[in-house]
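For reference, the structure is listed below as structure tokens.
The values are calculated or read from the model by the stated rules, or taken from the named source; none is laboratory data. Not measured: the values here are computed from a predicted model. So basically every Cβ, Gly included, is an ideal-geometry build from the backbone, and we count neighbours across all protein chains shown.
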Amino acid sequence: MEQASDSGFIYYTRYFRSTAPAVPPFRAGLLTPFDCFSLVTLPGDAQTWSVTVYISSRDHPLKRLRDPGRWTALVAACPLHAHLLDGEPITGVLAMSGLVNRYRRLVVDETPVATGIVGVGDSQACTNPSLGRGITTGLLHAAGTLDVVREHLGDPLALARGHDQMTQTRVRPWYQDTIDFGRDRKEQIDASIAGRPARPPADLAALARRALPAAMMDDADLFRAFAEIIAMLTPPQQVMTRPGLTDRIIRVADGRQPVTPPGPSRDHVLRMLA
């Protein structure tokens, strides 16, 4: 059984190499949301790093970012990120689209449909990579696979069932949360494109997740809860269902707005890319 859907994003990435002994400082989070786009900035090996602009696949004017001059102008208009352009470019602007969320199961209605084979890592589940969870999820899954194989290697049916149960426990929560995050971000970007407010989340838990970055700025316990999720220490569903946590987030976040990084508005972006 397979579930698959297009994440609805396009990535435009360029790689750089430092001309100094060290890479430049990273002055913002690795993932920074703006009005109608997001930036992903990642340090690499051998004094290299990447800068990625990702947009909605529906945003046709911003597809001009495949042009290196326009891409550079956009990043240069973001004060906390502009200095990352100072290195030596070692690629052009690399476009990546067709980013699919996919989840596979080899057990249907508690019955294995195949034995002697298990999916691990991306062969089992993959998502939009903006949260950087892929390698960690794969390692968590591989460690669980080792335990299941050790216990059930001589019983193909038990191995298939045990691996499916382990995957549902270890991988599925992170997969679903990443999809939910991507859909919420897509709604925010699409709202900016349409010139309307973003629609509120469908339920209280989703509303609390959107409000958590603002609330954690005034509450150390909420900051720790946020860190648990970001560091992949505890599945988000477990964190958000702790007694009173959702109500606390909503109460603390009331009247507060998330910290907005300095950068261009959509109108500015459209003028810049015209």
- prompt: Being under 18 Å from the mean Cα position of the chain (by Cα) and modelled with pLDDT of 95 or more, is that true of even one residue in segment 69-92?
  reply: no
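Suppose the filter is under 30 Å from A22 (Cβ atoms), among the polar types (S, T, N, Q), in the same structural domain as F37 (by TED's automatic domain parsing) and surrounded by fewer than 20 Cβ atoms within 10 Å (Cβ to Cβ); does T91 pass it? Break it down stepwise before answering.
Working: under 30 Å from A22 (Cβ atoms): yes; among the polar types (S, T, N, Q): yes; in the same structural domain as F37 (by TED's automatic domain parsing): yes; surrounded by fewer than 20 Cβ atoms within 10 Å (Cβ to Cβ): yes.
Taking the combined requirement at face value, the residue satisfies it.
Being modelled with pLDDT of 95 or more and over 19 Å from Y15 (Cβ atoms): is that true of A142 here? Let's see the steps before the verdict.
Working: modelled with pLDDT of 95 or more: yes; over 19 Å from Y15 (Cβ atoms): yes.
Yes, satisfied.
Step by step: first the residues of segment 177-209, then only those that are touching a Leu at 6+ places or on another chain (Cβ under 8 Å) and of a type outside the set (A, V, I, L, M), then the one that is farthest from Q237 (Cα to Cα). Which residue is that? Break it down into steps so the answer makes sense when it comes.
Initial filter on segment 177-209 (touching a Leu at 6+ places or on another chain (Cβ under 8 Å)): 178, 181, 200-201, 208.
Right, trim to of a type outside the set (A, V, I, L, M) and you get 178, 181, 200-201.
On the way: T178: 12, F181: 13, P200: 19, P201: 16 Å.
Within segment 177-209, the match that is farthest from Q237 (Cα to Cα) is P200.
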- prompt: Could you say which residue among R14, R70, R27, R64 is more than 24 Å from G182 (Cα to Cα) and of a type in the set (D, E, K, R)?
  reply: R70
- prompt: For segment 62-97, what are the residues that are aliphatic (A, V, I, L, M) and either in contact with a strand residue (DSSP E or B) (Cβ under 7 Å, 6 or more places away or on another chain) or free of Cβ contacts under 8 Å to residues at least 40 places away in the same chain (or both)?
  reply: L62, L65, L74, V75, A76, A82, L84, I90, V93, L94, A95, M96
Residues of segment 141-169 that turn out to be surrounded by fewer than 17 Cβ atoms within 10 Å (Cβ to Cβ) and within 27 Å of G98 (Cα to Cα), as a count: 2
statement: Within segment 12-27, restricting to residues that are in contact with a strand residue (DSSP E or B) (Cβ under 7 Å, 6 or more places away or on another chain) and in a loop (DSSP other than H, G, I, E, B), the one that is surrounded by the fewest Cβ atoms within 10 Å (Cβ to Cβ) is T19
message: Which numbered condition in (1) over 14 Å from Y103 (Cα atoms); (2) touching a strand residue (DSSP E or B) at 6+ places or on another chain (Cβ under 6 Å); (3) not β-branched (V, I, T) is the only one that A125 fails?
response: (1)
field: Restricting segment 154-193 to residues that are out of contact with any helix residue (DSSP H, G or I) (no Cβ under 8 Å at 6 or more places or on another chain) and small (G, A, S), the residue that is farthest from R271 (Cα to Cα)
entry: G154
- request: Working carefully through the options V100, V118, V107, find the one that is among the aliphatic types (A, V, I, L, M), in contact (Cβ under 8 Å) with a residue 40 or more places away in the chain and surrounded by fewer than 14 Cβ atoms within 10 Å (Cβ to Cβ).
  value: V100
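Taking only segment 210-237 into account, find how many residues are in a helix (DSSP H, G or I) and out of contact with any Leu (no Cβ under 6 Å at 6 or more places or on another chain).
First, pick out the residues of segment 210-237 that are in a helix (DSSP H, G or I): 210-218, 220-230, 236-237.
Within this subset, residues satisfying the condition of being out of contact with any Leu (no Cβ under 6 Å at 6 or more places or on another chain) are 210-214, 217-218, 220-225, 227-230, 236-237.
Of the residues in segment 210-237, 19 are in a helix (DSSP H, G or I) and out of contact with any Leu (no Cβ under 6 Å at 6 or more places or on another chain).
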task: Would you check which residues across segment 179-204 are hydrophobic (A, V, I, L, M, F, W, C), farther than 21 Å from Y103 by Cβ and in a helix (DSSP H, G or I) and list them?
output: I189, A191, I193, A194, L204
